[in-house]
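Here the structure is laid out as structure tokens; the discussion comes afterwards.
The values are calculated or read from the model by the stated rules, or taken from the named source; none is laboratory data. Owing to the predicted nature of the structure, the values given are computational and were not obtained by experimental measurement. Cβ atoms come from the backbone with ideal geometry, glycine included; neighbour counts cover every protein chain shown. Just so you know, the surface numbers come from the protein's heavy atoms only, side chains and all, with ligands and any DNA or RNA stripped out. Shrake-Rupley method; radii C 1.70, N 1.55, O 1.52, S 1.80 Å.
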Amino acid sequence: MTTVEVRHHAMRIGGRDVDTSERHPILDPNDGSVAATVSIGGIEHVDAAVAAAKETFESGVWSAIPPQERALVMRRIAAAARAVADELIELELSANGATIRQATGFHIGYALAHFEYFADLAESYEWQRAAPISTFPALSQSVVHREPIGVVGAIAPFNFPLLLALWKVGPALAAGNSVVVKPDERTPLSMLEFARIAERAGLPPGVLNVVTGTGQVAGAHLAGHPDIGKIAFTGSTQVGREIMRLASGTVKQVTLELGGKGPTIVLDDADLDMAVDGVLFGCFVYSGQVCVSGTRALVPARLHDQFVERLVARAKTIVLGDTRDFDTDMGPVIGANQQARILEYVRDAESSGATIELGGHQPEGERFERGFWVSPTILSGVRDDMPIAREEVFGPVLVVIAYDDDDEAVAIANDSEYGLAASIWSTDNARALAIAARIQSGNVWINDAHQINCQVPFGGYKQSGLGRELGPNALDGYTEVKTVQLDLSAGRTAKPFGILLGHAD
Ligand code: NAD
């Protein structure tokens, strides 16, 4: 019998590999096998990473160089990462159970493209802006500067490990900050590798540090660390509340990207072929483990039965299986606990009167006996007050809710503590836009789902988050604003613009 060697990944702190004697296994959700091991960082490792980041920030090797130079280095990093994209894809696949199509296009493809977008922002960002000369309260000229904050802490979830970490690392680096990342303990491999790639491509050691460890220990210590000026978090709403509390101790800047319970409103004029595919795409991509998943399909009562029938027929064609096979549509869920939790939600809904139209169990066959699998599940007869209709299940579970008119559809869509993403399916643009205007959600897609465009802001209303990532203003959240005012009264200075903007006039 041959033994497959399991690779160990140390942490990256201050440009050095840092290891611990205790190791955490990374399980491949496909079959539950140990894909790799990682160090389990604790309080002292977070302290060391923050100290390294602080020292590097204060040295100015990254924070004080022109933004154009930072952009150049960031583009070199993206190019170096592209050169080993297959390796990054494999690291992502082996830990988080995405299919190869998703890992290639979305998990790694988007991550690197978005990182390049943040490099572009370093060049185009308005780092300083001269305000008009003012005569009140004194004759004066002000310049508004944007400066890096210092050390940024980034805490990422399991579902898009590199992408969501880089949504924080990218703008933080573009703005000149140093960063400490705490990836999810189940999926840290791609971020660890990215940090090494970045250093080889010219990022000074200590600018980007990665500490692996649990959320309760390493994550919590990072979120409350007095030397961190900003904490950027993506994860559950429950942990987001805790991050906010921990950050309040030293009044840090906070960005939170949290949970969702996305409604998909199918209007009665929708193209039903497109809408059926769209609803399934919205819910089942990456086994429903996406914050913007459309997990509640709101369907006109008169179309309900035929729509459910068509959904079920189409969902039966979804191919589950080996995630490294390009023909596979859907993979497993992240772990055994999550698998059990999802199936518990389904059982609970069934006992409250919902009908399981499809799935609701582990898929049949030897292939699915190991690993963490849930078959595509569709429930009808779901009432808006059932936990399955209100709470984030984070699995391949679609609930169908009937509505009588547009007002009721909007009311059900908005009756949620979340407000991250919604979809509307219609052949009438004006009608769909009018509905979109009434939806309490940070993102609304009309006749589409899951479209993440790095050039526009992304984030949530209500308990889905605080602040926005992406878009042209993405660097705002990673900078401090400093207004410098030069008094011009009584002839105190003769060259206001030149002095303030640092060049001769
Ligand atoms: P999670 O909240 O359990 O964990 C997220 C991260 O927080 C992990 O790195 C974890 O180790 C860390 N953590 C856990 N407890 C902590 C604590 N007490 N202090 C500090 N850090 C702690 O979330 P998850 O299960 O990994 O991810 C799924 C959740 O993330 C879902 O709710 C999903 O909607 C949300 N999410 C949101 C977005 C968005 O952009 N809004 C994107 C992806 C995922």
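Measuring against 22 Å, Cα to Cα, the residue pairs Lys54/Lys462; Lys168/Lys252; Lys252/Lys482 contain Lys54/Lys462 as the ones spanning a longer distance. Using θ = phi - 60° in the Karplus curve 6.51 cos²θ - 1.76 cosθ + 1.60, the 3J(HN,Hα) couplings for the stretch 150-165 round to x, 9, 9, x, 10, 10, 10, x, 7, 6, 10, x, 7, 4, 6, 5 Hz; x is entered for Gly and Pro.
Any idea what % of Cα-Cα pairs in the stretch 1-138 are farther than 28 Å?
Result: 42 percent of Cα pairs exceed 28 Å.
When the Cα positions of Gly206, Gln128, Thr99 are compared along the charge dipole of the stretch 90-231, Gln128 comes out farthest toward the positive end, with charges on each C-beta of Lys, Arg, Asp and Glu. Principal axis extents of the Cα atoms in the stretch 355-420, from largest to smallest and rounded to whole angstrom, are 47, 23, 16.
Could you tell me which of Met244, Ala430, Cys454 has its Cα farthest along the dipole of the chain towards the positive end, charges placed at Cβ (Lys, Arg +1; Asp, Glu -1), taken about the Cα centre? Comparing the listed Cα positions along the dipole, Met244 ranks first. Here the gap between Ala79 and Asp47, fully extended at 0.36 nm per residue and compared with their Cα-Cα distance, gives a gain of 8.4 nm. Taking all protein chains together, Ser293, Ser59 sort by accessible area into Ser59, Ser293, largest first [probe 1.4 Å]. Restriction of the GluC sites (Glu not before Pro) in the stretch 22-92 to DSSP coil positions whose beta-carbon has at most 16 other beta-carbons within 10 angstrom yields Glu22.
Annotation: amide H-H contacts under 5 Å for Ala154 (H modelled 1.01 Å from N, sequence separation of 5 or more, or interchain): Val180, Val181, Lys182, Ala232.
Mean sequence separation of contacting Cα pairs (under 8 Å, at least six apart), scaled by the length of the stretch 332-479, corresponds to a relative contact order of 16 percent.
Taking all Cα-Cα distances within the stretch 263-446, those exceeding 22 Å account for 42%.
Stokes-Einstein, applied to the Kirkwood radius of the chain over Cα pairs at a viscosity of 1.306 mPa s and 10 °C, places its translational diffusion at 66 µm² s⁻¹. Positive contributions from Lys and Arg (+1) and negative ones from Asp and Glu (-1), summed over other residues with Cβ under 12 Å from the Cβ of Ala315, come out at -1. Where does the charge balance sit around Val299 when Lys and Arg score +1, Asp and Glu -1, over other residues with C-beta under 12 Å from its C-beta? After counting each charged neighbour, the total is -2. Magnitude of the charge dipole for the stretch 266-397, about its Cα centre and with charges confined to Cβ atoms of Lys, Arg (+1) and Asp, Glu (-1), is about 260 debye.
For the stretch 362-434 versus the stretch 213-231, the inter-centroid distance based on Cα atoms is 34 Å. Annotation: amide H of Ser423 within the under-5 Å range of Thr264, Ile265, Trp445, sequence separation 5 or more or interchain, hydrogens built in the peptide plane. For the chain, the longest principal axis of the alpha carbon atoms and the long axis of helix 237-248 meet at an angle near 20°. Sorting the segments 104-116, 275-287 by their residues' average number of neighbouring beta-carbon atoms within 10 angstrom, most packed first, yields 275-287, 104-116. Here the dipole of the stretch 367-462 is about 480 debye; that uses its Cα centre as origin and unit charges on the Cβ of Lys and Arg (positive) and Asp and Glu (negative). A dipole drawn for the chain from +1 and -1 charges on Cβ atoms has a positive end, and of His221, Leu280, Met330 the residue lying farthest that way is His221. Summing Lys and Arg as +1 and Asp and Glu as -1 over all other residues whose Cβ lies under 12 Å from the Cβ of Ile243 gives a net charge of +3.
Rolling a 1.4 Å probe over the protein chains gives His221 an accessible area of about 50 Å². Computed from phi, the 3J(HN,Hα) profile of the stretch 195-205 under the Karplus parametrisation 6.51, -1.76, 1.60 (θ = phi - 60°) reads 4, 5, 4, 4, 5, 5, 8, x, 6, x, x Hz, with x in place of Gly and Pro.
Relative to the Cα centre, the charge distribution of the stretch 80-204, modelled as +1 at Lys and Arg Cβ and -1 at Asp and Glu Cβ, gives a dipole magnitude of about 240 debye. Amide H to amide H distances under 5 Å link Tyr403 with Val299, Ala301, where only residues 5 or more positions off or on other chains count and H is placed in the peptide plane. In percent, rounded to a whole number, the relative contact order of the chain is 18, using alpha-carbon pairs under 8 Å and six or more apart.
The helix-based estimate of mean residue ellipticity at 222 nm for the chain, built from -39,500 (n - 2.57) per DSSP H run of four or more residues and divided by its residue count, is -10500 deg cm²/dmol to the nearest 500. Principal semi-axes of the equivalent ellipsoid, √(5λ) from the alpha carbon gyration tensor of the stretch 227-346, are 35, 19, 13 Å from largest down.
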